[in-house]
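So the structure is just underneath, and the comments pick up after that.
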Amino acid sequence: MKIEHFWHILKTEFEYKSPRTHRLPGADLPGWPTIIYYLKLFRVILSDNLNVRMNIYDNIAWANGSLDVLKLVESVGGKLHVSGLKALVDYRGPLVYIANHMSFLDTLVLPCLLLTFNKVTFVIKEGLLKYPFLGSIIRATDPIAVTRKSPREDLKMVLSKGHALISQGYSVAMFPQATRSANFDTSTFNSLGVKLAKKSGVPVVPIALKTDFQGNGKILKDMGAVDPQKSIYLKFGEPIAVEGGGQKTHQKIVRFISDNLREWGVDVKGL
């Protein structure tokens, strides 16, 4: 499946569900799906890194690389359920996407979905830019990098660069949590995205993510084991205009994410 076909599915069916896949040979061997997954993922990263070095890495290349990750997830038994896209198909203009952050898979798979509707960039932790091979790919997407050491400086960076990019027609996606987690603690979910949307005069779109198919590692947090028995869910809410100071809007976002995560069996704290 090519990216144009994938985008056509999203724009006409407003959802995507993984087709029935063949069982991965050796799937019962301990750790085998994880080994195959990371071998294939490294191949995707190497290919994208080569495109960056050849100066041919654009939004289409980014979307294709992200779709390659989606397909490799399916190749090791993962099943994706993407829903809630009709409102995005009907909307025109930049948005601020606000999602919970469950695993590194979020950053890898979301681009091929979000680029369906508009050019986009992500708010990412600065440390990702230092990763071998992957760091240069991320830099090519013009991200908004934050340190997570100084909330005041991070706020300034996101509001300044985020507003500038939105003014140029970009949407901005962010994960306003202290850290990735298989659970959802509403007390660690900040309102930075709402502040950016208010400053820029654009709506916010909540995204509920269940991506614990790829776990968080104990030694390397970005490289945990994969579990093909866990389905992957990505559900988009409708664009929400920021009301007043933004507190009610933030509460709507938290409620949307919490309700869907609970429906998928995820533990939610603080609400």
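The values are calculated or read from the model by the stated rules, or taken from the named source; none is laboratory data. None of these values were measured; they are calculated from a predicted model. Ideal geometry is used to build each Cβ from the backbone, glycine not excepted, and the neighbour counts take in all protein chains shown.
All conditions in (1) at pLDDT 95 or above; (2) under 25 Å from SER160 (Cβ atoms) hold for ILE60, with the sole exception of (2).
Taken as a whole, the condition of being of a type in the set (D, E, K, R) and within 15 Å of the chain's Cα centre (by Cα) applies to LYS119.
Do we find that LEU39 is touching a Pro at 6+ places or on another chain (Cβ under 9 Å), without any contact (Cβ under 8 Å) to a residue 60 or more places away in the chain and more than 30 Å from GLU263 (Cβ to Cβ) in this structure? No. Restricting LYS235, LYS269 to residues that are of a type in the set (Lys, Arg) and over 15 Å from the mean Cα position of the chain (by Cα) narrows the list to LYS269. Among the criteria (1) more than 18 Å from the chain's Cα centre (by Cα); (2) farther than 21 Å from TRP264 by Cβ, the one ASN59 does not fulfil is (1).
Screening LYS235, LYS195, LYS210 for residues that are farther than 30 Å from LYS40 by Cα and among the basic types (Lys, Arg) leaves exactly one candidate, LYS195.
For PHE256, the conditions (1) farther than 26 Å from LEU72 by Cα; (2) in a loop (DSSP other than H, G, I, E, B) are fulfilled apart from (2). Whenever a residue of the range 178-207 is within 13 Å of THR249 (Cβ to Cβ), its partners that are in a helix (DSSP H, G or I) and among the aromatic types (Phe, Trp, Tyr), lying with C-beta atoms within less than 8 angstrom and at least six residues away or across chains, give the pairs PRO206/PHE256.
Yes/no matrix, rows are residues, columns are (1) touching a residue at least 24 places away in the same chain (Cβ under 8 Å); (2) hydroxyl-bearing (Ser, Thr, Tyr); (3) in contact with a Leu (Cβ under 7 Å, 6 or more places away or on another chain):
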| residue | (1), (2), (3) |
| --- | --- |
| VAL69 | yes, no, yes |
| LEU80 | yes, no, yes |
| ALA87 | yes, no, no |
| ASP90 | no, no, no |
| PRO94 | yes, no, no |
| HIS101 | yes, no, no |
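Within the range 70-98, being surrounded by fewer than 20 Cβ atoms within 10 Å (Cβ to Cβ), in contact with a helix residue (DSSP H, G or I) (Cβ under 6 Å, 6 or more places away or on another chain) and closer than 17 Å to VAL120 by Cβ holds for one residue alone: VAL89.
The set of residues in the range 199-223 that are surrounded by fewer than 23 Cβ atoms within 10 Å (Cβ to Cβ) and touching a helix residue (DSSP H, G or I) at 6+ places or on another chain (Cβ under 8 Å) comprises LYS199, SER200, VAL202, PRO203, MET223. Close contacts from the range 126-152, counting a first residue that is part of a strand (DSSP E or B) and a second that is among the acidic types (Asp, Glu), with Cβ to Cβ under 6 Å and a gap of 6+ residues or different chains, come to ALA145/GLU126; VAL146/ASP154. Remark: LEU50 falls outside the filter, which requires a residue to be farther than 17 Å from SER231 by Cβ, of a type outside the set (D, E, K, R), modelled with pLDDT of 95 or more and under 19 Å from the mean Cα position of the chain (by Cα). Looking at VAL194, VAL202, just one residue is under 18 Å from the mean Cα position of the chain (by Cα), at pLDDT 95 or above and closer than 24 Å to ALA164 by Cα, and that residue is VAL194.
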